[in-house]
Every structure is written in C-alpha cells, then in structure tokens.
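Novice: Could you have a look at this structure, given as structure tokens, before my questions?
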Amino acid sequence: CRVIRQATGAEAGIVTSGASAAVMLGAAACLAGLDPGRMNLLPDVPDGRREFVVVRSQRNMYDRALVVAGGRIVEVGIPDRFSGPGVRDAGVWEIEDAIGKDTAGVYYLAVKQSRPGLREVAAAAHRHGVPVLVDAAAQLPPAENLRRILGDGADLVCFSGGKAIGGPQSSGILCGRADLVASALLQML
Ligand SMILES: *Cc1c(COP(=O)(O)O)cnc(C)c1O
C-alpha cells in the first residue's frame with residue numbers, strides 16, 4: 001500500500017491478481033462499500049443498487065468483471081462516429097441521465113479515444129455521489145498516468161502488472177479512495 005501510494009498519489013492501493021481482478025474487486029467495492037452484509041450477498045445485492053453506467057463505445061471484453069462481481073451494465077450513448085451516420089458518441093448529460101437510485105458506479109475505460117473526457121465524467125458522477133471506476137490496464141507508459149487518472153477525478157483505478165510494468169502475468173494494481181480500497185481488500189479474503 002505504501003509503495004502504491006508513493007507511485008500514484010492515491011489514498012490507498014492493493015496488489016491484485018491482474019487488472020481484470022482489480023476491476024472485479026473495484027466493482028465489488030462500489031457494490032458493497034464497507035457493509036459486511038452487502039459483501040456477504042455478492043454477487044447478489046439486497047436492493048437494486050447494482051448498476052454500472054458504461055459509455056457504449058467503451059464496452060470491451062474485460063468489462064464482464066463488473067458483472068462477475070454482481071453488477072449490471074447500463075449502456076449510454078450511440079457510437080455513430082464508428083457506424084458512419086453521425087459524429088457523436090456519448091454526452092456527459094447522457095451519463096447523468098442514466099444515474100439513479102440503482103447506480104453503484106460509473107465505469108470508464110481509459111484509452112486515448114474515450115469520450116467524454118474523464119474529468120467531465122468524474123465531475124458528473126460526483127454531482128450524484130457516485131464513484132468512478134477506471135480500467136487503465138494498458139495505460140502505462142507513460143508513468144505519469146499513474147497519477148493523472150486519479151488527478152482527473154477517478155475514485156478507483158486499475159492497472160495491469162503483466163503489461164508494460166513487466167511484472168508477472170496476473171498481477172495488477174487497484175488504487176484510489178481509501179474506503180473503497182479497504183472494501184476491496186476485505187473482499188479479497
Ligand atoms: C489487458 C487488459 C485487462 C486485463 O489485464 P490483466 O492484468 O491481464 O488482468 C483489463 N482491461 C483492459 C482494458 C486491458 O487492456
């Protein structure tokens with residue numbers, strides 16, 4: 001935790017068995033917080049608060065880690081830049097419209113082409129008291145991303161240890177808000 005704090009500026013961090021595991025544990029933290037009753041029930045939740053808002057163009061094969069933890073993906077936006085007939089993707093207002101009483105978090109895939117920007121997305125999520133879980137598995141190098149993504153407002157960030165960090169495959173980092181990292185750590189047990 002101390003080493004990850006120094007490297008990232010995060011309040012706390014843990015080593016996970018890969019970025020995928022970090023996303024799963026991060027999702028579990030968003031779903032359960034520090035409530036042992038909610039932790040015990042996962043992948044069920046006692047109420048409907050299990051939704052992760054995801055921009056449709058950021059969907060990827062790793063986002064099932066949200067579902068493994070017990071989350072449900074709520075897609076927003078139309079990536080018609082890719083399909084051709086339009087020039088849009090998703091607006092911050094669409095993310096905000098999708099946030100409601102059942103929202104556990106906003107999932108954000110940190111890649112160069114991700115829209116809207118993380119700073120705006122995080123500000124919108126925080127207006128509604130919802131955490132942002134960022135999958136930045138492959139965003140190293142540059143090393144400055146260790147700090148930038150948290151600086152842009154992410155509550156939890158996932159990095160892969162098996163990619164450019166050059167650690168063993170199936171190693172990773174989950175870092176961010178201390179209460180959420182504490183929840184993830186408890187749920188690792
Ligand atoms: C590579 C990758 C992962 C998985 O990383 P592991 O450390 O192998 O678990 C997850 N998400 C994204 C976006 C990735 O590129």
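Novice: Is it the case that the stretch 79-102 has a residue that's closer than 27 Å to ARG147 by Cβ, touching a Leu at 6+ places or on another chain (Cβ under 9 Å) and among the acidic types (Asp, Glu)?
Specialist: No, because not a single residue in the stretch 79-102 is closer than 27 Å to ARG147 by Cβ, touching a Leu at 6+ places or on another chain (Cβ under 9 Å) and among the acidic types (Asp, Glu).
Novice: Those residues that are of a type in the set (Gly, Ala, Ser) and open to solvent by 20 Å² or more (accessible area, probe 1.4 Å), I need them from the stretch 90-104; list them, please.
Specialist: ALA98, GLY100
Novice: I've got another one for you. Going by the conditions given, is GLY167 more than 16 Å from the chain's Cα centre (by Cα), more than 17 Å from SER114 (Cα to Cα) and in contact (Cβ under 8 Å) with a residue 60 or more places away in the chain?
Specialist: No: the conditions fail for GLY167.
Novice: Which one of these does LEU42 not meet: (1) closer than 13 Å to TYR108 by Cα; (2) open to solvent by less than 40 Å² (accessible area, probe 1.4 Å)?
Specialist: Only one criterion in (1) closer than 13 Å to TYR108 by Cα; (2) open to solvent by less than 40 Å² (accessible area, probe 1.4 Å) is unmet by LEU42, namely (1).
Novice: Here's something else I'd like to know. Please verify whether TYR108 is within 16 Å of the ligand (Cβ to nearest atom), modelled with pLDDT of 95 or more and assigned to a loop (DSSP other than H, G, I, E, B), treating the condition exactly as stated.
Specialist: no
Novice: Also, I was wondering about something else. When only residues in the stretch 128-139 that are within 14 Å of the ligand (Cβ to nearest atom) and open to solvent by 20 Å² or more (accessible area, probe 1.4 Å) count, which is farthest from LEU118 (Cα to Cα)?
Specialist: Looking at the filtered set, the residue picked out is ALA138.
Novice: A further question follows. Which of the residues that make up the stretch 144-186 are over 23 Å from HIS126 (Cβ atoms) and either in contact with a His (Cβ under 6 Å, 6 or more places away or on another chain) or open to solvent by less than 70 Å² (accessible area, probe 1.4 Å) (or both)?
Specialist: Listed by number, the residues that qualify are SER160, GLY161, GLY162, ALA164, GLY166, GLY167, SER171, GLY172.
Novice: Taking only the stretch 1-59 into account, find how many residues are under 14 Å from the mean Cα position of the chain (by Cα), in a helix (DSSP H, G or I) and within 16 Å of the ligand (Cβ to nearest atom).
Specialist: 11
Novice: Does VAL87 meet the test of being assigned to a loop (DSSP other than H, G, I, E, B), away from the ligand (no atom under 16 Å from the Cβ), buried (at least 19 other Cβ atoms within 10 Å of the Cβ) and not small (Gly, Ala, Ser)?
Specialist: So VAL87 does not fit the description; no.
Novice: Additional query: Considering only the stretch 168-189, state which residues are more than 9 Å from the ligand (Cβ to nearest atom), part of a loop (DSSP other than H, G, I, E, B) and in contact with a Gly (Cβ under 6 Å, 6 or more places away or on another chain).
Specialist: The answer is none; no residue qualifies.
Novice: Can you give me the number of residues within the stretch 2-55 that are more than 25 Å from VAL92 (Cα to Cα) and among the basic types (Lys, Arg)?
Specialist: So the answer is 3.
Novice: Working only within the stretch 70-84, note down all residues that are in a loop (DSSP other than H, G, I, E, B) and either closer than 12 Å to SER57 by Cβ or open to solvent by less than 40 Å² (accessible area, probe 1.4 Å) (or both).
Specialist: GLY70, GLY71, GLY77, ILE78, PRO79
Novice: If you don't mind, there's one more thing I want to ask. Quick one: would you say ARG115 is of a type in the set (Lys, Arg), touching a residue at least 60 places away in the same chain (Cβ under 8 Å) and outside any strand (DSSP E or B)?
Specialist: Spelling it out, ARG115 is indeed of a type in the set (Lys, Arg), touching a residue at least 60 places away in the same chain (Cβ under 8 Å) and outside any strand (DSSP E or B).
The values are calculated or read from the model by the stated rules, or taken from the named source; none is laboratory data. This structure is a prediction, so every number in the text was calculated from the model and none was measured. Please note: Cβ atoms are built from the backbone with ideal geometry, for glycine as well, and neighbour counts cover all protein chains shown. SASA here: full protein model, heavy atoms, side chains in, ligands and nucleic acids out. Shrake-Rupley method; radii C 1.70, N 1.55, O 1.52, S 1.80 Å.
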